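Here is the structure we will look at.
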Amino acid sequence: MTSPAVSGPYGLPGPPAGGGGSANLADILERVLDKGVVIAGDIKINLLDIELLTIKLRLLVASVDKAKEMGIDWWEHDPSLSSGAHRDGRRELAEENERLRERVAALERREETP
């Protein structure tokens, strides 16, 4: 016989009767990553009705697949996060280094000729 599901906060299923809290946490995490969650908030600091500072916070929690589905893929182009971007950056640096070496060599040859 199966135990009846208990409704938890925000319409998520609660823990089944008899325990299993860690399995429930895994289910919630799987659901969050599959669907995605957006958390938004603003912080405003005013002094005598003069706005001094506004901070807008936006947080998206989702799986990589879900983020790509939504058109979010900034990590693929960030050199500090992407191995492909590192490879491209290294190639560009190597090419620039080679051009600079050629210029230095040309300047040295020009300086040597009287």
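Could you please let me know if residue 27 is more than 30 Å from residue 93 (Cα to Cα), over 22 Å from the mean Cα position of the chain (by Cα) and at pLDDT 80 or above? Yes; evaluated as a whole, the condition is true for this residue.
One residue alone among 36, 20 is under 30 Å from the mean Cα position of the chain (by Cα), surrounded by 12 or more Cβ atoms within 10 Å (Cβ to Cβ) and at pLDDT below 85, and that residue is 36.
Within the range 44-64, the set of residues being surrounded by fewer than 10 Cβ atoms within 10 Å (Cβ to Cβ) and either under 28 Å from residue 32 (Cβ atoms) or touching a helix residue (DSSP H, G or I) at 6+ places or on another chain (Cβ under 8 Å) (or both) comprises 55, 56, 57, 58, 59. Of all residues in the range 63-73, none satisfies being in contact with a Gly (Cβ under 8 Å, 6 or more places away or on another chain), acidic (Asp, Glu), at pLDDT below 85 and under 30 Å from residue 93 (Cβ atoms).
The values are calculated or read from the model by the stated rules, or taken from the named source; none is laboratory data. Predicted model, so just to flag it, every value in this text is computed and none were measured. When we count neighbours, we look across all protein chains shown, and the Cβ atoms used for this are built from the backbone with ideal geometry, even at glycine.
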